[in-house]
Amino acid sequence: MKRNMFLIAIAMTACVMVSCASKDANKEVKAETENVAADQDQTKKDIVEMLTKAYDDANVLATPSEDGMEANIDLFGQYCSASFNELLRKVRVACGNLDNQEECFFTDENMLWLGKGGKVKIENIDVDMKDPVTASYDVVNEDGSKMTTEVSLVNENGAWKINDWLQRGMDGVSLVENMTEFVEKHTKK
């Protein structure tokens, strides 16, 4: 009888310990899930702020200053990834090999940031946290026309950067893919 009571006591203690451990584990999972959600919310906020600032800076470049001094903003350098900028450097070298510079639209900051030119605003920014992280948004021109833009993003040294423009309208491929093909075609060997 004593032995049965002893076994029952051990079993009850084990159940209580398992129950407590399970509750603690559930609390840890819930806390981790809340942290991930908070991190994703902060990431989305950071990306929206970066994109908004990038287009604000593009608008500064598109606006003639009253004092005749041009703004010194490197949109690609400040808001695009290192790999994008390295590819852009290669495109600029390849452009130097061309007789017709109209083929070098890749280097036109206004085309990528401002669409038709002039001031723009962006709205309806939607960030997708899947891998790769992307954001889509509407670029609204001064005349009210809109163009939906999608970009892929990477985090470099704690800052979100544009890694590619994914507008599928031109050739059905990304800007980086178009730029890569251009470099391959126009680089002297």
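Values computed for the structure shown
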item	result
Solvent exposure, largest accessible area first (probe 1.4 Å, DNA, RNA and ligands not counted), of Ser145, Ser174	Ser145, Ser174
Cα-Cα over 26 Å, subset of Lys161/Lys188; Lys53/Lys130; Lys90/Lys130; Lys121/Lys185; Lys90/Lys161; Lys45/Lys90	Lys161/Lys188; Lys90/Lys130; Lys121/Lys185; Lys45/Lys90
FRET E, pair Glu177, Val60, Förster distance 25 Å, beta-carbon r, rounded to 0.05	0.25
Using θ = phi - 60° and Karplus 6.51 cos²θ - 1.76 cosθ + 1.60, couplings along region 48-56 (whole Hz; Gly, Pro as x)	4, 4, 5, 5, 4, 5, 4, 6, 4
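The values are calculated or read from the model by the stated rules, or taken from the named source; none is laboratory data. Computed from a predicted structure; not experimentally measured. Neighbour counts are summed over all protein chains in view; Cβ atoms, including those assigned to glycine, are modelled from backbone coordinates with ideal geometry. Note: areas computed on protein heavy atoms with side chains; ligands, DNA, RNA excluded. Shrake-Rupley method; radii C 1.70, N 1.55, O 1.52, S 1.80 Å.
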